[in-house]
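Q: Just dropping this structure here.
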Amino acid sequence: MRRFLLFFVVLLTMTVTISAQQQHPFEVQRLSDWAPDYLTWTCSYHYYALPTFEDSSISRHLQQLKDLKEDDYIWIDKEKSVCLPFGACVIKSIDGVSTKGMSVEQFYNIVSKSNTHKLTWIYPIDWESPKEFKCTLFLRDTPFWVQVLDFKPDEIKLHGMNSAKKRKINTYGRLGVITDDEVDWSKYHTYDFAILGSDPLNDKKLLQVIAKNFNGFMKREAKNPDVFFTVTTNTNQSISTTYVPPVVQTIRNGSTTETRYNWITKKNDYVTKDNYRTVREEGYTKSNKTVSEFMEFVILDARKVRESKTNVPPIMYQATYKRDLVNPDFDPKEDYMAVASYIKYPLEDKINIGNWLPRLGGLTPNGMFVSTYDKGKTYKVTKLIPGSEADKAGVKLNDRIVKVSVSGNNFVFTIKNYKDKHTITLPTHGQPLFDYKEHLSIRMSWINEF
């Protein structure tokens, strides 16, 4: 029996340790199309904690959750750390070890050995020559509020607002995007327009709209650019005519009630008679205008264009839009302009933003933090204040509170754990069950590999 208990304790310890190691203070990934030889910093777990309603206040959350701030990092001490990297930065080395060819697991193993690290990183979007930065990174323990709210960043990622390869522009049209997965976009910094169509002025306007979404990542340069932007539009219009023949309809037009003398009953009877009229609609000709829109935006590798010895265009990126309309009340050129504004830089297309709403709950007057669980049917004890009334009464972390009632000046908690189901009575101290439960939203952003 003792051996079994010892084995159980060791197994439980290993499980807790492994579970803790799965959560990292930041995230790196090897992106196939962004400096693939190195690891890219894809998430710092930098959050924004804001009320979900404008007239709400975050102040009561701050009072109870101590180190919850409106704008902060979760596991990084930003006051001590210097020159922190951010999304899309390429990590060149950690603690003097090059990350070239290093796996994500090897990187995290180095991180787990200490709370202080030296990073070397670059931001490839710097056009002239990416500058190398030195970073001193200080890690801190899991914040108090993370434990209390049972906050899991992975839940944000699971339900985040992911960018899609196909963006629905409107009810009828879709923008399909295809990229070359073997292209390292971190090496392309400049672009220019290649206007090849029969409508050069409108093509130029479309390219200018698209370029606005790229200007934070690339700059325009007429002399030896890295890539060419080109756009093609095609609008086909056809008119179909249909003859609608004459239509004759008989329409009920009210009724008339008359009195008639009944010789049998020797009384007047009331008789109602429907009135009808005939309506004739003359034949006419009906015309419908059908419009088919097509737009294609392409990015070409300018270096390969200049050196190309084949007829195959070196396409790196292709966005295609198609839409069919009947009797549109707008100019198709306006639609093309709207579509152009949706086209984004490939890396930006991987940026995800997600909001996490804490479960309703809070700190009870007896020293335990609880939050709703099992779709609001029960409460889960997420934190206990040592020495509190709840702690002394035998409440344990992760206990489920399946029922709460008030009897006089006491709360009666029906608690269920893996052993049994029992009740605990604790004083209310004249306070409600929770001392905060305003709406709170926590927002994060990160980069995902498709």
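The values are calculated or read from the model by the stated rules, or taken from the named source; none is laboratory data. In this text, all values refer to a predicted model and were calculated from it rather than measured experimentally. Please note: Cβ atoms are built from the backbone with ideal geometry, for glycine as well, and neighbour counts cover all protein chains shown.
Q: Which condition breaks for Leu158 when tested against (1) within 25 Å of the chain's Cα centre (by Cα); (2) surrounded by 18 or more Cβ atoms within 10 Å (Cβ to Cβ)?
A: Single failed check for Leu158: (2).
Q: Which residues, taken from the range 80-107, are within 20 Å of His46 (Cα to Cα), within 29 Å of the chain's Cα centre (by Cα) and part of a loop (DSSP other than H, G, I, E, B)?
A: Scanning the range 80-107 gives Ser81, Cys83, Leu84, Pro85, Phe86, Gly87, Ala88.
Q: Within the range 250-259, does at least one residue satisfy the condition of being out of contact with any Gly (no Cβ under 7 Å at 6 or more places or on another chain), more than 30 Å from Val177 (Cβ to Cβ), in contact (Cβ under 8 Å) with a residue 24 or more places away in the chain and charged (D, E, K, R)?
A: Yes, the range 250-259 contains a residue that is out of contact with any Gly (no Cβ under 7 Å at 6 or more places or on another chain), more than 30 Å from Val177 (Cβ to Cβ), in contact (Cβ under 8 Å) with a residue 24 or more places away in the chain and charged (D, E, K, R).
Q: When the range 262-287 is examined, which residues are found to be free of Cβ contacts under 8 Å to residues at least 24 places away in the same chain and in a strand (DSSP E or B)? Working first, answer last.
A: Filtering the range 262-287 down to residues free of Cβ contacts under 8 Å to residues at least 24 places away in the same chain leaves 262-275.
Residues satisfying the conditions are Asn262, Lys267, Asn268, Asp269, Tyr270, Val271, Thr272, Lys273, Asp274, Asn275.
Q: Inspect the range 370-391 for any residue being in a helix (DSSP H, G or I) and among the charged types (D, E, K, R) and give the result as yes or no.
A: yes
Q: Among the residues of the range 380-399, which ones are of a type in the set (Gly, Ala, Ser) and either within 15 Å of Val412 (Cα to Cα) or surrounded by 16 or more Cβ atoms within 10 Å (Cβ to Cβ) (or both)?
A: Answer for the range 380-399, where residues must be of a type in the set (Gly, Ala, Ser) and either within 15 Å of Val412 (Cα to Cα) or surrounded by 16 or more Cβ atoms within 10 Å (Cβ to Cβ) (or both): Ser388, Ala390, Ala393, Gly394.
Q: Out of all the residues in the range 33-53, is one or more modelled with pLDDT of 55 or more and either assigned to a helix (DSSP H, G or I) or of a type in the set (D, E, K, R) (or both)?
A: Yes; the residues of the range 33-53 include at least one that is modelled with pLDDT of 55 or more and either assigned to a helix (DSSP H, G or I) or of a type in the set (D, E, K, R) (or both).
Q: Now, a different point. Looking at the structure I just gave you, is Val326 surrounded by fewer than 14 Cβ atoms within 10 Å (Cβ to Cβ) and of a type in the set (A, V, I, L, M, F, W, C)? Write out each step before concluding.
A: Values: surrounded by fewer than 14 Cβ atoms within 10 Å (Cβ to Cβ): yes; of a type in the set (A, V, I, L, M, F, W, C): yes.
Spelling it out, Val326 is indeed surrounded by fewer than 14 Cβ atoms within 10 Å (Cβ to Cβ) and of a type in the set (A, V, I, L, M, F, W, C).
Q: Just one of Thr230, Thr290, Thr259 is out of contact with any Ser or Thr (no Cβ under 7 Å at 6 or more places or on another chain), part of a strand (DSSP E or B) and surrounded by 11 or more Cβ atoms within 10 Å (Cβ to Cβ); which is it?
A: Working: Thr290 fails: out of contact with any Ser or Thr (no Cβ under 7 Å at 6 or more places or on another chain); Thr259 fails: surrounded by 11 or more Cβ atoms within 10 Å (Cβ to Cβ).
The conditions single out Thr230.
Q: Return a yes/no flag: does the range 293-311 have any residue that is more than 30 Å from Tyr188 (Cα to Cα), part of a strand (DSSP E or B) and under 34 Å from the mean Cα position of the chain (by Cα). Can you show your working first?
A: Looking only at the range 293-311, we keep the residues that are more than 30 Å from Tyr188 (Cα to Cα), and these are 293.
When the remaining residues are screened for being part of a strand (DSSP E or B), the result is 293.
Subsequent filtering for residues that are under 34 Å from the mean Cα position of the chain (by Cα) retains 293.
Yes, the range 293-311 has at least one match.
Q: If you don't mind, there's one more thing I want to ask. Kindly indicate the residue of the range 390-440 that is modelled with pLDDT under 85 and among the basic types (Lys, Arg) and also farthest from Thr364 (Cα to Cα) among those meeting that condition. Outline the logic, then answer.
A: Looking only at the range 390-440, we keep the residues that are modelled with pLDDT under 85, and these are 417-420, 430-440.
Now drop any that are not among the basic types (Lys, Arg), which leaves 419, 437.
Details: Lys419: 24, Lys437: 11 Å.
The extreme case among them is Lys419.
Q: Can you tell me which residue among Glu132, Glu105 is within 15 Å of Glu27 (Cα to Cα) and either exposed (fewer than 14 other Cβ atoms within 10 Å of the Cβ) or touching a helix residue (DSSP H, G or I) at 6+ places or on another chain (Cβ under 8 Å) (or both)?
A: Glu105
Q: Further question on the same structure: Among the residues of the range 185-227 satisfying the criterion of being among the small types (Gly, Ala, Ser) and part of a loop (DSSP other than H, G, I, E, B), which is farthest from Ala338 (Cα to Cα)?
A: To start, the set of residues in the range 185-227 that are among the small types (Gly, Ala, Ser) comprises 186, 194, 197-198, 211, 216, 222.
Filter again for part of a loop (DSSP other than H, G, I, E, B), leaving 194, 197-198, 216, 222.
Details: Ala194: 21, Gly197: 19, Ser198: 21, Gly216: 20, Ala222: 26 Å.
This residue is Ala222.
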